[in-house]
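The values are calculated or read from the model by the stated rules, or taken from the named source; none is laboratory data. Source: prediction; values computed, not measured. Cβ coordinates were reconstructed from backbone atoms using ideal geometry, including for glycine residues, and neighbour counts include every protein chain displayed.
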Amino acid sequence: MASDEEWLIKDREALREIVGEPPQSMLLKTIDHVDDICAAYIAASPFLVLGTRGPDGLLDLSPKGDPAGFVQVLDEKTLAIPERLGNGRFDSFENLLQDPAIALIFLIPGHRDTLRVSGKGRITRDPDLLDQMAVNGRPPRFAILVTVEEAMTHCPKCMMRGGMWEPAKWPDTSELPTLAEATMVHGDLARKMGRTLEEMHEIIENDGKNRLY
């Protein structure tokens with residue numbers, strides 16, 4: 001809406017006039033490598049969100065999960081993230097072939113602090129590395145190597161405000177549409193593929209039971 005234009009913040013000066021400058025301690029906490037503290041967070045994390053940029057310029061976020069410590073710290077500048085079976089889109093991997101910029105945020109269940117890492121990503125098929133990442137005897141087909149350029153721990157306020165690890169504060173999800181329902185509507189699968197909701201539920205259920213690794 002045109003009337004909103006006057007309220008938009010369009011430059012750093014306007015933003016900092018409202019919020020002020022960040023404390024020096026917050027600026028100094030960013031490092032350019034993975035130290036023992038960062039490695040401890042990574043070892044305890046079973047879940048991360050991975051950010052890449054697509055060829056259309058849009059940012060893409062992809063969740064990744066596995067047993068805690070699934071991301072390997074190869075050295076202080078290099079992480080390795082295994083590929084696991086998913087929906088077959090491989091958006092993040094295709095994005096990295098066009099633009100190596102990558103960002104990660106590691107979450108640890110029950111722990112309010114998070115770890116942010118950013119740098120450059122590459123895709124490897126190194127068999128020795130992939131064998132180290134095998135689960136149930138099945139190594140990933142490839143892995144993402146992250147060259148770390150920035151790493152920093154993130155404050156817990158977002159987790160505290162959202163009650164992320166407090167079941168009493170969790171919302172009621174009993175009426176939330178299922179993945180099958182959402183996929184049917186968003187993909188218009190009944191019309192385009194002749195697929196039923198029951199079929200979609202079965203496909204997703206089978207995928208979760210038989211295609212984790």
Item to check | Candidate set: the stretch 96-142, residues that are under 14 Å from the mean Cα position of the chain (by Cα) and polar (S, T, N, Q); chosen: the one surrounded by the fewest Cβ atoms within 10 Å (Cβ to Cβ) | outcome: S118
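Could you list, in sequence order, the residues of the stretch 27-46 that are within 15 Å of S118 (Cβ to Cβ) and not basic (K, R)?
Here is the first cut: in the stretch 27-46, the ones within 15 Å of S118 (Cβ to Cβ) are 29-34, 38, 41-42.
Passing the criteria: T30, I31, D32, H33, V34, C38, Y41, I42.
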Checklist entry - If you scan the stretch 54-81, which residues turn out to be within 15 Å of S118 (Cα to Cα), among the aliphatic types (A, V, I, L, M) and in a strand (DSSP E or B)? => result L59, L61, V73, L79, A80, I81
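On the basis of being under 23 Å from the mean Cα position of the chain (by Cα) and either assigned to a loop (DSSP other than H, G, I, E, B) or farther than 21 Å from S92 by Cα (or both), does R195 make the cut? Talk me through it step by step, then tell me what you get.
Numbers: under 23 Å from the mean Cα position of the chain (by Cα): no; either assigned to a loop (DSSP other than H, G, I, E, B) or farther than 21 Å from S92 by Cα (or both): yes.
In short, no.
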Checklist entry - Which one is nearest to K209 (Cα to Cα) among residues in the stretch 54-95 that are basic (K, R) and either surrounded by 16 or more Cβ atoms within 10 Å (Cβ to Cβ) or at pLDDT 95 or above (or both)? => result R84
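So which residues in the stretch 164-186 are of a type outside the set (A, V, I, L, M, F, W, C), surrounded by 13 or more Cβ atoms within 10 Å (Cβ to Cβ) and more than 23 Å from the chain's Cα centre (by Cα), if there are any at all?
Narrowing the stretch 164-186 to residues of a type outside the set (A, V, I, L, M, F, W, C): 166-167, 169, 171-175, 177-178, 181, 183, 186.
Now restrict to residues that are surrounded by 13 or more Cβ atoms within 10 Å (Cβ to Cβ): 181, 183.
Across the stretch 164-186, the qualifying residue is only E181.
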